[in-house]
Every structure is written in C-alpha cells, then in structure tokens.
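Below: one structure, written as structure tokens.
The values are calculated or read from the model by the stated rules, or taken from the named source; none is laboratory data. Note that the structure is predicted; figures quoted are calculated from it, not measured. Neighbour counts run over all protein chains shown; Cβ positions are idealised from the backbone, glycine included. Each accessible area value is taken on the protein alone, full model and side chains, heavy atoms only, with ligands, DNA and RNA left out. Shrake-Rupley method; radii C 1.70, N 1.55, O 1.52, S 1.80 Å.
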Amino acid sequence: MSNTVQFQVSPEEAKDELFLRKKIRKNLKLRDDDFIFRWKKRSIDARRKQIKINCVFDVFLEGEEVPPVIINPFLPGKLTGKKIGIIGFGPAGIFAALQALKKGIKPVIFERGKEVRARRRDLANITKNGIINPESNYCFGEGGAGTYSDGKLYTRSKKKGDVRKVLEWFVQFGASEDILIDAHPHIGTNKLPKIIQSMREEIIHNGGEVHFESKVTDILVSEGKVKGLEVNHQYLFEFDKILLATGHSARDIYELFTRNGWQLESKPFAMGVRIEHPQDLIDKIQYHGRLNDDFLPPASYRLVTQVNGRGVYSFCMCPGGIVAPCATGKEEVVTNGWSPSKRNNPFANSGIVVSISPDDFEDKDALAGLRYQKELEKKCWEAAGRNQKVPAQRLLDFIENKKSENLPVSSYHIGLTSVNLNELLPPVLADSLRKAFLDFNKKMKGFLTNEAVLHAPESRTSSPVKIPRNKDFQHPQIKGLYPCAEGSGYAGGIVSAAIDGINCVEKMMMSL
Ligand SMILES: Cc1cc2nc3c(=O)[nH]c(=O)nc-3n(C[C@H](O)[C@H](O)[C@H](O)COP(=O)(O)OP(=O)(O)OC[C@H]3O[C@@H](n4cnc5c(N)ncnc54)[C@H](O)[C@@H]3O)c2cc1C
C-alpha cells in the first residue's frame with residue numbers, strides 16, 4: 001500500500017526532483033531517502049500572482065511493491081467466432097474494436113477515408129492548394145476527426161465510463177504517461193497518427209479487419225433487424241450487430257436515415273467563430289505578466305457567459321496552435337484548431353460559439369439544424385471568394401461593426417479574406433458574440449484587442465442531429481443497429497467518443 005501526499009509548490013520547484021524528494025520526506029516525516037515517489041496528479045493554480053502547481057504523489061517505502069502504471073491494459077481475448085460490423089474508425093470505432101477483441105469478438109471495420117499516411121497527403125493538398133477531398137480530410141480518415149487534432153483528453157462525462165481505462169490504452173499504444181497525471185492532458189497532432197496506427201495494427205494482429213476507402217452506402221434492414229452493409233455502392237457484408245460511429249460530419253448518413261424513414265431527432269448544438277490571439281498575450285493575461293517561461297506550459301483559457309438566455313463559450317482551445325481548414329465538402333468553409341505536443345506555435349486559438357436550439361428554427365424536421373449549419377458554411381465559402389480562404393475580421397473591428405482595413409498574420413495557412421462578420425453571420429450569432437466578447441474582457445483583461453482575429457465559421461462543434469437509441473443502445477426501429485458517439489449525439493470529444501464505443505460493445509455483448 002502506497003502513501004499519498006499532496007502539496008503546492010512553485011512551477012520551478014515542481015521541476016526539481018531533489019526538492020520534491022525533500023519535501024515529500026518532510027511531509028511524511030520519513031527518516032531517510034529510501035523511498036520511490038511517482039506523480040499521481042498535477043494541475044496549475046494560476047488564480048493568483050504567485051502561480052502554484054498542485055502536486056499529488058504516490059510514495060512507496062522500502063520493501064513496498066511498486067504497481068505498474070497501467071493497471072487495466074488492453075489484452076485480447078480468445079476469438080469466439082462471433083463478429084460485429086463497425087462503421088467509422090474514429091475514437092469510437094477504434095475503442096469499440098479494441099473492446100470487442102478483449103471480449104473475443106471479431107470487429108470488421110469500414111472507414112470511408114484513408115490510412116493515416118495517405119490521409120496526410122490529402123491534408124497537405126488542402127493546406128497548400130485549398131483542395132478538399134470529400135472522403136479524406138480533417139474529419140474523415142483513420143482515427144476520425146481526432147487524429148489531426150490537439151488531442152485534448154479531458155472530458156466532463158466522467159460518469160459515463162472508465163476515463164482512466166481510455167487514457168491507459170492511449171499510453172499503452174504510445175502516448176506519454178503524463179496524460180495519466182495532468183489535469184488537462186493532451187497528446188498533440190504530431191504524436192496522434194503513430195498511436196492510431198499502432199492501435200490499428202493491434203486490431204488486425206488480433207484478428208480484426210480494417211477496410212479503408214470503404215464508405216458504407218447503405219444499411220440493409222429487413223423486418224426491423226439489420227442484415228448487413230452495402231459498401232462503396234457494390235459490396236455486401238452480412239452482420240446482425242452493427243455499430244454506427246460515423247461522426248458529426250457524415251451528413252450522407254443522416255440523409256440515408258431520412259430517405260428510409262428511420263427516426264432522427266434534431267438536437268441543440270453551437271456555432272460561432274474561431275478566435276486567434278498571439279500566445280504571448282494569453283500567457284501574459286493568464287500568468288499575470290510571466291512570459292516565455294520555461295516552467296509553465298503555454299497558457300489556455302476557458303470562458304463562458306450567458307447572453308439573453310443563450311450560452312456563449314470557448315470551445316476546443318488550442319494553446320500554441322494552428323487554425324485548421326476542416327471542410328468535408330467542396331463548397332463550404334469550416335474552421336477548427338489543433339496544436340503539436342509542445343504547443344510551440346506563436347498563436348492561441350479557440351472556438352467561441354453560441355448555443356443554438358431546435359426552437360430557433362421555424363422548420364421542425366430533424367434536419368433543420370443541419371441545413372442552418374450548411375447554409376452558413378456555404379455563405380462563408382462564397383464570402384471568402386469561393387475557395388478555402390476564410391472570412392476574417394479583427395476583434396475590435398467586429399465589435400465596432402467595421403470591416404478590417406488589414407488583417408494580422410494568422411496561423412490559417414490558406415489565407416484570410418477581410419469581411420464584416422456582422423453582415424455575414426446570422427444576427428443571433430453576431431449579436432451574442434459581440435456581447436460575449438465584452439464580458440470575456442472583464443474576465444480576462446486584455447482579451448479584447450485588435451491583435452485578435454476572428455475566423456468564420458466554427459460550425460462543427462457537435463452534431464445538430466441525434467440518432468435515437470433505446471435503453472439497450474439500439475435504434476428503436478432497427479434491432480441490431482447501435483448508434484454511437486458524436487455523430488449520433490452521445491459524445492463530444494475524443495475521450496467521451498471512446499467511452500461510448502466501449503459502452504456500445506458492452507451492450508452488444510448482452511445480446512450476443
Ligand atoms: C481539428 C479538430 C480538432 C479537434 N480537437 C479535439 C481535441 O483536442 N480534443 C477532443 O476531445 N476532441 C477534439 N476534436 C473533436 C474530436 O475529434 C471528435 O469529438 C471525435 O473524433 C469524435 O469521435 P467519433 O468516433 O464519434 O467520430 P469521428 O472522429 O468523426 O469518426 C468518424 C469516422 O467515421 C468515418 N465515416 C463517416 N461516414 C462513413 C461512412 N458512410 N462509411 C464509413 N466510414 C464513415 C469518418 O471518415 C470518420 O473517420 C477535434 C476535431 C477536429 C476536427
């Protein structure tokens with residue numbers, strides 16, 4: 001049994017092993033130095049000028065067994081001869097496949113996009129030439145939307161499943177053990193593809209199948225039960241259990257449901273802009289003037305306010321990051337953000353989004369929100385000059401309702417087009433954002449500056465459509481079909497999608 005000890009130290013002290021050892025010894029009143037200590041939790045408390053690191057350590061005294069860091073590793077079970085179909089190889093599909101193998105079930109995965117290396121070439125084609133491949137982009141391909149992301153791994157859905165297990169599996173396949181310790185863990189775009197590739201290799205090594213460039217074009221249903229899948233409009237595969245984990249950008253899947261009269265629901269979502277500041281400015285605000293600090297990571301922020309009863313909040317903040325072109329279709333512009341593991345770019349970006357509810361639309365059908373989202377993405381594409389440049393405006397100019405005469409350098413590689421976003425965004429978004437920015441400046445003095453630039457739109461924060469499921473996680477009209485994770489409205493983010501993938505397989509096990 002280990003002892004646990006916790007205290008606060010300065011950022012400099014937190015990096016000094018000798019200092020920490022002495023402090024632990026004093027805290028536990030140990031007579032000598034004959035002990036091993038290991039970080040258990042680490043977080044930054046930057047509320048006051050004297051920034052502190054909250055530390056929690058496990059301490060093992062002489063003779064005490066030091067347990068392994070990974071207590072719940074992925075271990076494949078013996079294959080039972082049963083199989084399931086999985087549509088989509090994002091975090092939900094990957095963790096579902098691993099969980100199935102753990103239980104001895106063979107996963108057969110269909111992914112419309114390409115494997116990570118080939119996918120990288122398509123991303124380069126977007127960044128260099130502004131050309132979108134509708135089947136291989138920032139949202140579609142091996143690892144899903146999570147592969148070329150910041151890889152932030154915190155979640156608010158801790159009650160839904162075993163977050164530690166998901167993090168441990170990431171570590172097992174190559175992520176740093178720091179993600180098990182840090183209060184706000186992240187992996188980084190440069191590290192994620194290798195980890196995802198290792199997971200895929202393990203899935204195949206243990207008897208799973210992963211088919212890339214295999215878009216599911218129909219779900220075969222007979223007498224209220226799934227029978228199989230049609231892939232690329234030609235091949236048929238038989239299954240009686242199928243996990244649907246296609247993410248929030250697979251609009252053709254919602255259209256497939258609508259065509260077949262299968263139940264869908266509209267759900268609340270959020271849209272807005274992606275803001276970018278110089279990282280130095282954010283560090284200065286959040287760290288009370290401390291700059292270029294070797295002992296603190298690039299600062300982040302989380303902001304939230306209410307404007308006329310509507311939530312406006314920061315989303316997917318990327319310190320030291322890049323604003324990314326995340327469209328999945330040719331005639332649309334979509335932004336999001338990523339950062340490398342060191343978060344060492346000179347910019348800080350974040351979505352600033354406004355809550356939207358189905359009550360906002362006159363149309364009451366399930367796809368009303370999706371149409372609203374699509375309309376804005378197309379409008380932005382047109383405003384940008386019918387290409388992948390992004391409509392942009394300096395923050396103060398946006399507040400003052402005037403087009404920016406010039407725009408600052410942005411991390412968005414393809415380029416910016418100066419527009420007055422007050423005229424481009426729907427009034428409800430523009431009005432809510434203007435008021436929210438004024439409030440954010442009270443919470444983070446200096447946030448409101450013309451050095452900050454808004455990129456539009458941030459439109460794919462979550463799905464505007466929900467695919468319903470009953471208490472067994474199956475679609476109410478289609479036995480054997482398990483709507484899963486972000487695209488079906490049950491997750492938001494890498495970890496919660498992974499957890500939902502695991503949970504769906506657990507539900508399948510009950511009826512297998
Ligand atoms: C740039 C960017 C940065 C992000 N940063 C973070 C972050 O830091 N932290 C975080 O938690 N989240 C982040 N996210 C969000 C996160 O990636 C998603 O929440 C998560 O990936 C959702 O997982 P999923 O498995 O439900 O769906 P997805 O990851 O969207 O995966 C769905 C997969 O299904 C495939 N597919 C779709 N239709 C079909 C079909 N018909 N046939 C076969 N395959 C199909 C797609 O190609 C895709 O690979 C980011 C997203 C983006 C785009």
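Using all Cα-Cα distances in region 189-306, what percent lands in each 10 angstrom bin from 0 up to the longest?
Result returned by the calculation: 9, 24, 22, 21, 16, 8, 1.
Between Ser511 and Arg47, with labels modelled 7 Å along Cα→Cβ, what's the label distance in nm to one decimal, could you check?
The answer from the label model is 4.8 nm.
Can you give me the % of accessible surface on region 3-61 that is carbon or sulfur? Probe 1.4 Å, all protein chains present, nothing else counted.
Carbon and sulfur atoms account for 47 percent of the accessible area of region 3-61.
Measuring with a 1.4 Å probe in the full set of protein chains, what accessible area per residue, in whole Å², belongs to the chain?
Here the residues of the chain average 44 Å² of exposed surface.
Quick check: residue separation of Asn450 and Tyr154 times 0.36 nm, minus the Cα distance between them. What number comes out in nm?
Answer, rounded to one decimal: 103.5 nm.
So what's the back-of-envelope 222 nm ellipticity for the chain, counting only DSSP H runs of four-plus at -39500 (n - 2.57) apiece and dividing by all residues, rounded to 500?
When only DSSP H runs of four or more count, the value is -8500 deg cm²/dmol.
When N is the residue count of region 215-279, what does its C-alpha Rg come to as a fraction of 2.2 N^0.38 Å? Before the final figure, lay out the partial values.
Numbers: Rg = 16.7 Å, N = 65, 2.2 N^0.38 = 10.7 Å.
Against the compact-globule rule of thumb, the ratio is 1.55.
Using alpha carbons only, how many angstrom separate the centre of region 157-209 from the centre of region 381-438?
36 Å
Give me the distance in nm between label points sitting 7 Å out from Cα along the Cα-to-Cβ direction at Lys403 and Arg302, one decimal.
Distance between label points: 3.9 nm.
Just tell me which aspartates and glutamates come within less than 15 Å, Cα to Cα, of Lys403; anything on the same chain fewer than 8 places away is out.
The qualifying aspartates and glutamates are Glu423, Glu451.
Among 86-97, 42-53, 188-199, how do they line up by average Cβ neighbours within 10 Å per residue, starting with the highest?
Packing proxy ranking, top to bottom: 86-97, 188-199, 42-53.
Out of the chymotrypsin sites (Phe, Trp or Tyr not before Pro) in region 276-346, which ones are loop residues according to DSSP with at most 16 other C-beta atoms within 10 Å? Spell out each step's value before the answer.
Working: sites: Tyr287, Phe295, Tyr301, Tyr313, Phe315, Trp338; in loops: Tyr287, Phe295, Tyr301.
Sites meeting the loop and neighbour criteria: Phe295.
What chymotrypsin sites (Phe, Trp or Tyr not before Pro) in region 435-496 are in a loop by DSSP, with at most 14 other Cβ atoms within 10 Å of the Cβ?
none
Suppose each label sits 7 Å from its Cα in the direction of the beta carbon; what would the Lys227-Leu18 distance come out to in nanometres?
7.5 nm
Roughly how large, in nm² to one decimal, is the mean projection of the convex hull of the alpha-carbon atoms in the chain?
Mean projected area for the chain: 25.0 nm², to one decimal.
How many percent of the accessible area of region 267-458 is carbon or sulfur, using a 1.4 Å probe?
Heavy-atom surface of region 267-458 belonging to carbon and sulfur, 1.4 Å probe: 50 percent.
Greater than 20 Å separation of Cα atoms is the criterion. Which listed pairs, Lys114/Lys389; Lys83/Lys152; Lys241/Lys374; Lys49/Lys443, meet it?
Lys114/Lys389; Lys83/Lys152; Lys241/Lys374
Given Lys225/Lys466; Lys330/Lys402; Lys284/Lys442, which pairs have Cα atoms separated by over 24 Å?
Lys330/Lys402
Using modelled backbone amide H atoms (1.01 Å from N, in-plane), which distant-in-sequence or interchain residues come within less than 5 Å of Glu209's amide H?
When sequence neighbours closer than 5 places are left aside, the close amide H contacts are Val108, Ile109.
Which peptide among 377-387, 350-360 comes first, and what is the full order, when sorted by highest mean count of other Cβ atoms within 10 Å?
Per-residue mean Cβ counts within 10 Å order the peptides as 350-360, 377-387.
Give a quick list of GluC sites (Glu not before Pro) in region 165-232 that DSSP marks as loop, anything other than H, G, I, E or B, with at most 12 other Cβ atoms within 10 Å. Don't skip to the answer; put the middle values down first.
On the way: sites: Glu168, Glu177, Glu201, Glu202, Glu209, Glu213, Glu223, Glu230; in loops: Glu213, Glu223.
Passing sites in region 165-232 are Glu223.
Too long at a 21 Å Cα-Cα cut-off: which of Lys471/Lys507; Lys159/Lys479; Lys191/Lys507; Lys158/Lys471?
Listed pairs above 21 Å: Lys159/Lys479; Lys191/Lys507.
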